[in-house]
Amino acid sequence: ICGSAGDMLSHVTSQDVVTFTGSASTGLKLKSSDAILRESVPFNMEADSLNCIVLGEDVQPGMVEWDLFIKEIKKEMTVKAGQKCTAIRRIFVPENKLDAVQKALVAELQKTVIGNPLNEKVRMGSLAGEEQRNEVRTQVQKLLASSQIIYGSLDSVAVIDADEKQGAFLSPLLLLNEKPFAAEEPHNVEAFGPVSTLMPYSSMEEAIALSKKGRGSLCSTIVTADASVAKEYVLGAASHHGRIL
């Protein structure tokens, strides 16, 4: 069921199973409902997942791995307008490459054509609806308590073959948080849309620690040309991610 289930969960019995994908707050509300608790209904919840991608310290601009890193982030931010549970929400890069990554990502996001998906030039459509767009904007406002928008706008977006005011369109939003260990919002708040936060790290040990601050995610990615870097990240971060690419 996509959307409201009405009072269906009030009628579940011990023979039922409920699976849920969505926000942690909504999941907790449903999981705590009287009928679910009374009937001991198995409740499987796939909630907020602040998936992350890490750029290895060995990767330099111009390398194939660099291009893959930038391409992957753009894809994960814009496919389905970022409305998928495996989308990249946190981007960790070596602090000495923060500016270069920022410029490369902004350049790629600027190429994203937004509008009516029936138009062959369009690469990103609208969000699921007005309610979803409002929810994403609310979550972004929470993220802005410790981050800043470095690409995109919450209030306006250029679209083609569509009406910006009639459709639930939203610009891709790239945020920057320069102090990821001091801020909790990027690791706790998921904006379920085309939103991701760029953050620096100074060592692989820090990158692993930051990945774990998401308190468990569906997936993570390490981009490197060095097998030893990949091994260090996988062994250090595996306990907090469903899978690592």
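Regarding GLU178, is this residue surrounded by fewer than 15 Cβ atoms within 10 Å (Cβ to Cβ), among the charged types (D, E, K, R) and either out of contact with any Ser or Thr (no Cβ under 7 Å at 6 or more places or on another chain) or part of a strand (DSSP E or B) (or both)? Outline the logic, then answer.
Values: surrounded by fewer than 15 Cβ atoms within 10 Å (Cβ to Cβ): yes; among the charged types (D, E, K, R): yes; either out of contact with any Ser or Thr (no Cβ under 7 Å at 6 or more places or on another chain) or part of a strand (DSSP E or B) (or both): yes.
Against the criterion (surrounded by fewer than 15 Cβ atoms within 10 Å (Cβ to Cβ), among the charged types (D, E, K, R) and either out of contact with any Ser or Thr (no Cβ under 7 Å at 6 or more places or on another chain) or part of a strand (DSSP E or B) (or both)), GLU178 qualifies.
Taking the criterion of being among the hydrophobic types (A, V, I, L, M, F, W, C), assigned to a helix (DSSP H, G or I) and at pLDDT 90 or above, the residues of region 1-36 that qualify are MET8, LEU9, LEU30, ALA35, ILE36.
Restricting attention to region 16-44, and to residues there that are of a type in the set (A, V, I, L, M, F, W, C) and open to solvent by 90 Å² or more (accessible area, probe 1.4 Å), which single residue is nearest to GLU131 (Cα to Cα)? Step by step, filter region 16-44, then rank; the result is LEU28. Scanning region 181-231 for residues that are in a loop (DSSP other than H, G, I, E, B), within 19 Å of GLN148 (Cβ to Cβ) and charged (D, E, K, R) turns up GLU184, GLU190.
Applying a threshold of 8 Å to beta carbon distances and a minimum spacing of six or more residues, or different chains, the list of pairs starting in region 96-113 at a residue that is more than 13 Å from GLU57 (Cβ to Cβ) and ending at one that is among the aromatic types (Phe, Trp, Tyr) and in a helix (DSSP H, G or I) reads ALA104/TRP66.
So that you can scan it fast, the table gives a plain yes or no per residue for (1) surrounded by 14 or more Cβ atoms within 10 Å (Cβ to Cβ); (2) closer than 21 Å to ALA168 by Cβ:
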{"residue": "GLY62", "(1), (2)": "no, no"}
{"residue": "GLU76", "(1), (2)": "yes, yes"}
{"residue": "CYS85", "(1), (2)": "yes, yes"}
{"residue": "ILE88", "(1), (2)": "yes, no"}
{"residue": "ALA107", "(1), (2)": "no, no"}
{"residue": "THR112", "(1), (2)": "yes, yes"}
{"residue": "LEU118", "(1), (2)": "no, yes"}
{"residue": "ILE149", "(1), (2)": "yes, yes"}
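All of (1) free of Cβ contacts under 8 Å to residues at least 60 places away in the same chain; (2) buried (at least 16 other Cβ atoms within 10 Å of the Cβ) hold for ASP67 with one exception: (2).
Take ILE91 and decide whether it is outside any helix (DSSP H, G or I) and among the hydrophobic types (A, V, I, L, M, F, W, C). Quick ask: steps written out before the conclusion?
Numbers: outside any helix (DSSP H, G or I): yes; among the hydrophobic types (A, V, I, L, M, F, W, C): yes.
Here the answer is yes, as ILE91 does meet what is asked.
Taking the conditions (1) touching a strand residue (DSSP E or B) at 6+ places or on another chain (Cβ under 7 Å); (2) open to solvent by 30 Å² or more (accessible area, probe 1.4 Å) in turn, VAL140 satisfies each one other than (2). If the condition is being at pLDDT 95 or above and open to solvent by 50 Å² or more (accessible area, probe 1.4 Å), then region 214-232 contributes ALA225, ASP226, ALA227, SER228, LYS231, GLU232. LEU144 passes all but one of (1) over 26 Å from VAL54 (Cα atoms); (2) without any contact (Cβ under 8 Å) to a residue 40 or more places away in the chain; which number fails? Of (1) over 26 Å from VAL54 (Cα atoms); (2) without any contact (Cβ under 8 Å) to a residue 40 or more places away in the chain, only one is false for LEU144: (1).
Are any residues in region 41-60 over 25 Å from GLY216 (Cα atoms) and either of a type in the set (Asp, Glu) or over 24 Å from the mean Cα position of the chain (by Cα) (or both), and if so, which ones?
We begin by selecting, within region 41-60, every residue over 25 Å from GLY216 (Cα atoms); these are 58-60.
Answer for region 41-60, where residues must be over 25 Å from GLY216 (Cα atoms) and either of a type in the set (Asp, Glu) or over 24 Å from the mean Cα position of the chain (by Cα) (or both): ASP58, GLN60.
Can you say whether LEU245 is over 19 Å from the mean Cα position of the chain (by Cα), more than 23 Å from GLU130 (Cβ to Cβ) and aliphatic (A, V, I, L, M), as far as the supplied structure shows? No: the conditions fail for LEU245.
Counting the residues of region 46-60 that are open to solvent by less than 60 Å² (accessible area, probe 1.4 Å), closer than 20 Å to SER228 by Cα and either acidic (Asp, Glu) or touching a Leu at 6+ places or on another chain (Cβ under 7 Å) (or both) gives 1.
The values are calculated or read from the model by the stated rules, or taken from the named source; none is laboratory data. All values reported here derive from a predicted model rather than from experimental measurement. Don't worry about glycine lacking a Cβ; one is built from the backbone with ideal geometry, like all the others, and counts go over all protein chains shown. Just the protein is used for accessible areas: all its heavy atoms, side chains included, with ligands, DNA and RNA removed. Shrake-Rupley method; radii C 1.70, N 1.55, O 1.52, S 1.80 Å.
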